[in-house]
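The values are calculated or read from the model by the stated rules, or taken from the named source; none is laboratory data. In this text the structure is predicted, and so the values were computed from the model without any measurement. We place every Cβ from the backbone using ideal geometry, glycine too, and count neighbours over all the protein chains shown.
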Amino acid sequence: MYRFLGFIILLIFMTGHLAAQVFPKEGSVLNYRIIGFSFPTFKKSTKYEIQIAAGYCNNVDSFEKKVIQTFYSASSKVIETVPAFGAQYTWRVTGTSKKSAPVQSSLFHFSTGRLPAVNVSAMRLRITNEAKKYKDAFVIVDDVNVMYNMQGDPVWYMPVMKQPDSTILSTRDVKLSPQGTITFVANNSICEVNYDGKILWQCPQKGIAKRKNATGYHHQCTRLQNGHFMALITLPQPSANNYRQYNATDNYSPQQIASLGAIAEYDSTGKEVWSWESFNYFKNIHPQQLQSWFNDDNKQVRNTMDVHLNAFYFDEKAGVIYLSFRNVNTIVKVKYPEGDVLAVYGSHSQKNGGSLQKDLFCGQHSCNISMDGDLYLFNNNSCNPASPPSVLKIRLPATGNDTLEKTWEFPCSFSEKDSVGETYSTFPAGTDAAQNKNKVFFTTKFTSGGNVFELPDRSIFISISGNSGRALIVSPHQSILWSAVSERYAAATKKWIPNDPYRMSIIPSRKDLEQLIWNAEK
């Protein structure tokens, strides 16, 4: 009798204590299906049974009839996946040991939310090559703001977040940070959120407004190891007169303007602590080169010259930043924090009229440094519309007399199956209408976007823009280890068509995801 009363008292105590510390929180609506269940330890319990029932259950009898999942853990923290979005769930924990009676919690409730982006009849990540490696990885597609497992199942989505002006955040460059959070660029702002989608940090617009009418952030932001944030920013467009060299070759029109980019670093308060402006470099370029930028392919004068800063890589250990300027096919290497230009790689002429490996890449994106110290990037190859885009690895010059050396290339031209199972080429060699009848092809014009990321075993994760919606993992020997296409269903034509994500990112392992999950419960 006393033992039974003791058990009741313990149960009442543990239930009250548990309700204050349990995750997911009672009645919460989750934007994910992979859930971190956590609860206080039960005294003397050495094993925990977690049961999940479908629906909202008010009593134990109803709960036990609807249990759909049971799993066990030796600790009070465990990560498991529930079946669906847009559903309600009830769960319970039972602690057991060999020397004492089982202790059960009360019933807890949560639900999973639902957005059109996770409705698989309207939006999907279709797997075209099943994963041979990285089966426990996850991919985030920024066009739809959904995270998928490698089997193509949606497991997380970015909640719809509204700003004070009621605008909805439209995100780009959604990726995992070193600190186990998610960062992205949105509406000319940069944000950091946790797994629940709660905004942890947002660079204030007033901070950028202090920079002589700078208009916002774009393309890429990265959280650094020191906790600061680095992002590309848009500056005013100086007129061509700012470039005057006062010599015979200088005949720019005063009305011509130049769109030049900059990069800045912000601390946790949003204060700018470092920056580098490309104007200070490009204003010293050979006048003939600047003139060529102000002329289009037909030698007609453009009103605007845009070098288009679209990506960066910060080698924090070496104190070097690599900046990609797409429209002039150039990578600039800058010393941090001094800001000195250490080297320039690409096709534009130097002051002395010399050139570094012209046309090795064109319309590039997503520049990075590999484990081997090589520069690697997504080459949109936009100067050569008859050729496919590719991923390039380039050995950088060791001395001033060296040139760039291509060490590895993966052409994004390969065969796979379309949504109805027909084989097609992702990049046709020709455009013969009869030969290509009834076949589906990638867009043959690639001008921007794309992403590459080197994985721990030196395989490469690739995402391709340009209405392709493709992502793949390629081994160092160029075997396709996994591939998929992000698609949406077009009701008018009753066909699946590719989405146009600007970038996709990868979370390489379950361990990386777990850090993101547990950080949200701190």
Discussion item. Take Ile208 and tell me if it is hydrophobic (A, V, I, L, M, F, W, C), modelled with pLDDT under 95 and part of a strand (DSSP E or B).
Written reply: no
Worksheet item: Got a sec? Which of Ala53, Ala84 is part of a loop (DSSP other than H, G, I, E, B) and at pLDDT 95 or above?
Response: Ala84
Item to complete: Among the candidates Val103, Val141, single out the residue that is surrounded by 15 or more Cβ atoms within 10 Å (Cβ to Cβ), in the same structural domain as Gln51 (by TED's automatic domain parsing) and of a type in the set (A, V, I, L, M).
Response: Val103
Discussion item. I need the strands (runs of 3 or more DSSP E) fully contained in region 100-173, keeping only those with at least 1 residues that are modelled with pLDDT of 95 or more and within 17 Å of the chain's Cα centre (by Cα).
Written reply: 123-129, 138-141, 146-149, 154-157
Practice prompt. For Leu290, state whether it is at pLDDT 85 or above and outside any loop (DSSP other than H, G, I, E, B).
Written response: no
Worksheet item: Scanning for something aromatic (Phe, Trp, Tyr) and part of a loop (DSSP other than H, G, I, E, B), does region 56-77 turn up at least one residue?
Response: yes
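Counting only residues that are assigned to a loop (DSSP other than H, G, I, E, B) and of a type in the set (Asp, Glu), which one in region 455-505 is nearest to the chain's Cα centre (by Cα)?
The selected residue is Asp500.
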